[in-house]
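Participant: Here you go, one structure.
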């Protein structure tokens, strides 16, 4: 797996959100790409994942891409494909790019199981400054998936975890993350439209990810048929 960039930002802040509980990460990144002045400056190339391309509003949507805000010097890594089985290669590639660009900070957006309402609690790890912006310190946890792999390959990664439920009603959790990022990075974005456009983001991502799951299942079925 490799991320190829058409331009090379200098010391950007990198934010990435992986598909996981409640889709908090992808919805957060999707919202920021639409509400900041970003341009797509690269895509991931891979052989490990099924070939997938989505069409939304008459335009192609690459399932794994990089978007850059020159004004905020912010690099957003957008992925809606489930990287299960390829967490290490994805994490290593992000760590490589972060090192080559001399990234100021790498922030991974993820989710934690909600006990109360979605977005009621936001936890952070790796950067104490986030505590002043409303997060709770994560003292005890087991972190898996790509976020866990990224913490191993790039130990200075900052993590933000929003409480979310398994269902795709996670706009409130994502809005809580946007609110924290706005305070932390001075983005100047309003998280309220995310709540208002919840159905838009959720339906779009739900459809794209559902197609990705179908392709993954089809690939597994083909592989089993070869073995049989």
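Coordinate-derived values only; no laboratory data. What you see is a predicted model, and the numbers here were worked out from it, not measured in a lab. Ideal geometry is used to build each Cβ from the backbone, glycine not excepted, and the neighbour counts take in all protein chains shown.
Participant: Give me the number: length gained by fully extending residue 141 to residue 6, i.e. 0.36 nm times residue separation minus the C-alpha to C-alpha distance, one decimal in nm.
Facilitator: Values: separation 135, 0.36 × 135 = 48.60 nm, distance 3.75 nm.
Between residue 141 and residue 6, full extension yields 44.9 nm more.
Participant: Based on the Cα coordinates of region 1-68, what is the per residue volume of their convex hull in Å³?
Facilitator: Numbers: hull volume 8.1 nm³, N = 68.
Once divided by residue count, the hull of region 1-68 is 119 Å³.
Participant: By per-residue mean of other Cβ atoms within 10 Å, what is the highest-first order of 88-95, 139-146? Each step should come with its number before you reach the end.
Facilitator: On the way: 88-95: 20.8, 139-146: 12.4.
The peptides rank, most packed first, as 88-95, 139-146.
Participant: Also: Sorted from largest down, give the three principal axis spans of the alpha carbons of region 2-205, whole angstrom values.
Facilitator: That gives 40, 38, 35 Å along the principal axes, largest extent first.
Participant: Applying a 10 Å radius around every beta-carbon, put 131-138, 78-85 in order of their mean neighbour count, most first. Write out the running numbers ahead of the final one.
Facilitator: Numbers: 131-138: 14.4, 78-85: 19.8.
Ranking, from highest mean packing down: 78-85, 131-138.
Participant: Full-extension gain between residue 59 and residue 99, please, as 0.36 nm times their residue separation minus the C-alpha to C-alpha distance.
Facilitator: On the way: separation 40, 0.36 × 40 = 14.40 nm, distance 3.23 nm.
Additional length available on full extension: 11.2 nm.
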